[in-house]
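Chemist: Below is the structure I would like to discuss, written out as structure tokens.
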Amino acid sequence: MNITKEQVLEALKNVDDPDLKKDIVTLGMVRDLVVEGENVNFTVMLTTPACPMKEMIHKASVNAVLHFVNKNAKVNVKMDADVTSRKKDKSALPGVKNIIAVASGKGGVGKSTVAANLAVALVKQGAKVGLVDADVYGPSVPIMFDVADERPLMKTMEDGVNKMIPIESYGVKLNSIGFMAAPGQAIPYRGPMASKALVELITKTDWGELDYLIVDLPPGTGDIHISIVTTIPVTGAVIVSTPQLVALSDAQRGVSMFLLPQVNVPVLGVVENMAYFTPEELPNNKYYIFGKDGGKGMAEKLGVPLLGQIPLVQSICEAGDAGRPVVLQETTPQALAFIELAKAVAQQVAIKNSAPVAVEA
């Protein structure tokens, strides 16, 4: 007996997206369904190419057809992605679906390293990604991506506005306050001047079509942060900390800033950087030099996800200094930690985007 499309769709209603808490048919994720005899072909359109549940959903889709329709069916499932967005103001960075702020309560916790590797990890998962280095006090993206001597070109858009063309490295579109001066040269911006310059750096760049724009914010919780997040439609914030009590206290203030009524930016979660030390010669050993699970405890206390725990490994620093983010080292534990971080961030963005929009009274 021939299989029908109706049978397949009914079977696939038994496959739930674990994050969105609905079945993939109701969510409109099943596309291009073609049935010919016992051959069943369709696409499952995920909310992000970095979906951590990709393999599980693929397996469940195949098994649903075999179990509920025909055990002899030849099921071919293509996994694709269309990154979601809930931006209301389409005039601000119209081609950018999601803007993710990476912040820390204090300097020295590896925020820029996390931002750089997060951007490259998302690209490796198939996403279109940009990274803007808004750390006016210590721009490091040009060095980390081996483009310190390059400068963005200018382009006149159709509306007559001049915009910068971002530098591209490792598949990531880049712009940085560091491109505005020679390496090592101080950029003497004062408060309001710095805020204006950084907002223009973001809005006056031709980013094109992006799934995610990562914004590497300066450390702290000052005017610059509030100016950026209240001018740019930020999807969510990632807070970076180390396990020490002082760093965690500052990171908690960073979380509080994003939750202020005048800011109101969702916190996607906490990244615990330098979580433990693993010697290269003892890859199964973990030494908690700065304390154990401090970031995890803070995330639980604040009711936000722990997005990842990044090890303290010398090669992470060396890779950044060499202009080649460590996530490019493929199968190393530190590279895999950043890949898992990227999946967790993309997962939280998709969850936030699927939440019902609050109706104003």
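Chemist: Can you give the charge dipole size of the chain about its Cα centre, rounded to the nearest 20 debye, using +1 on the beta carbon of Lys and Arg and -1 on the beta carbon of Asp and Glu?
Modeler: 600
Chemist: Using a 10 Å Cβ count of at most 10 others and DSSP loop calls, identify the longest part of the chain lacking such GluC sites (Glu not before Pro).
Modeler: By the stated rule (loop sites, at most 10 other Cβ atoms within 10 Å), 1-157.
Chemist: In addition: Could you tell me which of rounded, prolate or oblate describes the stretch 93-244, using a ≥ b ≥ c as the square roots of the eigenvalues of the alpha-carbon gyration tensor, with rounded for a/c under 1.5 and, failing that, prolate when a/b is larger than b/c and oblate otherwise?
Modeler: Rounded.
Chemist: Determine the share of the stretch 207-257's accessible area contributed by carbon and sulfur atoms, expressed in whole percent, with a 1.4 angstrom probe.
Modeler: Here it works out to 53 percent.
Chemist: Of Ala101, Ala337, Ala127, which is the most mobile in a GNM of the chain whose springs link Cα atoms less than 10 angstrom apart?
Modeler: Ala337
Chemist: Another one. Pick from Val65, Val141, Val96: which is most flexible by mean-square fluctuation in a GNM of the chain where alpha carbon atoms under 10 Å apart are linked?
Modeler: Val65
Chemist: Can you show me the helix-derived [θ] at 222 nm for the chain, built from DSSP H runs with n ≥ 4 at -39,500 (n - 2.57) apiece and divided by the number of residues, rounded to the nearest 500.
Modeler: Counting only the DSSP helices, I get -10000 deg cm²/dmol.
Chemist: Next question, about the same structure. Compute the relative contact order of the chain as a whole-number percentage, counting only Cα pairs closer than 8 Å that sit 6 or more residues apart in sequence.
Modeler: Computed over the chain, the figure is 19 percent.
Chemist: Roughly how many Å is it from the Cα centre of the stretch 297-361 to that of the stretch 201-274, as a whole number?
Modeler: 13
Chemist: For helix 54-68, what angle does its Cα long axis make with the longest principal axis of the chain, in degrees from 0 to 90 and rounded to 10?
Modeler: The helix 54-68 is inclined about 10 degrees to the chain.
Chemist: What is the angle, in °, between the Cα long axis of helix 333-354 and the longest principal axis of the Cα atoms in the chain? Nearest 10 is fine, range 0 to 90.
Modeler: 70
Chemist: On C-alpha positions alone, give me the angle between the axis of helix 191-203 and the longest principal axis of the chain, in degrees, nearest 10.
Modeler: Its long axis makes an angle of about 30 degrees.
Chemist: Now a separate question. Whole number in Å², please: accessible area per residue of the chain, 1.4 Å probe, ligands, DNA and RNA not counted.
Modeler: 47
Chemist: Run the simple label-point estimate for Gln262 and Lys204 please: 7 Å along Cα→C-beta, distance reported in nm.
Modeler: 2.5
Chemist: Between the DSSP loop rule and a limit of at most 12 other Cβ atoms within 10 Å, which trypsin sites (Lys or Arg not before Pro) in the stretch 41-76 are left?
Modeler: Lys71
Chemist: Taking only Cα atoms and a 10 Å spring cutoff, compute GNM fluctuations for the chain and point out the largest among Asp19, Asp32, Asp133.
Modeler: Of Asp19, Asp32, Asp133, the most mobile in the Gaussian network model is Asp32.
Chemist: For the chain, place one equal point scatterer on every Cα, skip the solvent, and apply the Debye formula. What is log10 of I(q)/I(0) at q = 0.11, 0.12, 0.14 Å⁻¹?
Modeler: -0.78, -0.91, -1.15
Chemist: Looking at the stretch 1-42, which trypsin sites (Lys or Arg not before Pro) are DSSP coil and have at most 14 other C-beta atoms within 10 Å of their C-beta?
Modeler: Here the sparse-neighbourhood loop sites are Lys21.
Chemist: DSSP loop (so not H, G, I, E, B), at most 11 other Cβ within 10 Å: list which trypsin sites (Lys or Arg not before Pro) in the stretch 75-179 pass both filters.
Modeler: Here the trypsin sites (Lys or Arg not before Pro) that fit, given the DSSP loop and packing criteria, are Lys88, Lys90.
Chemist: Can you give the net charge of the other residues whose Cβ lies under 15 Å from the Cβ of Asn70, counting K and R as +1 and D and E as -1?
Modeler: Combined, the nearby Lys, Arg, Asp and Glu give -1.
The values are calculated or read from the model by the stated rules, or taken from the named source; none is laboratory data. The structure displayed is predicted, hence computed values, not measured ones. So basically every Cβ, Gly included, is an ideal-geometry build from the backbone, and we count neighbours across all protein chains shown. Accessible surface areas use protein heavy atoms only, side chains included; no ligands, DNA or RNA. Shrake-Rupley method; radii C 1.70, N 1.55, O 1.52, S 1.80 Å.
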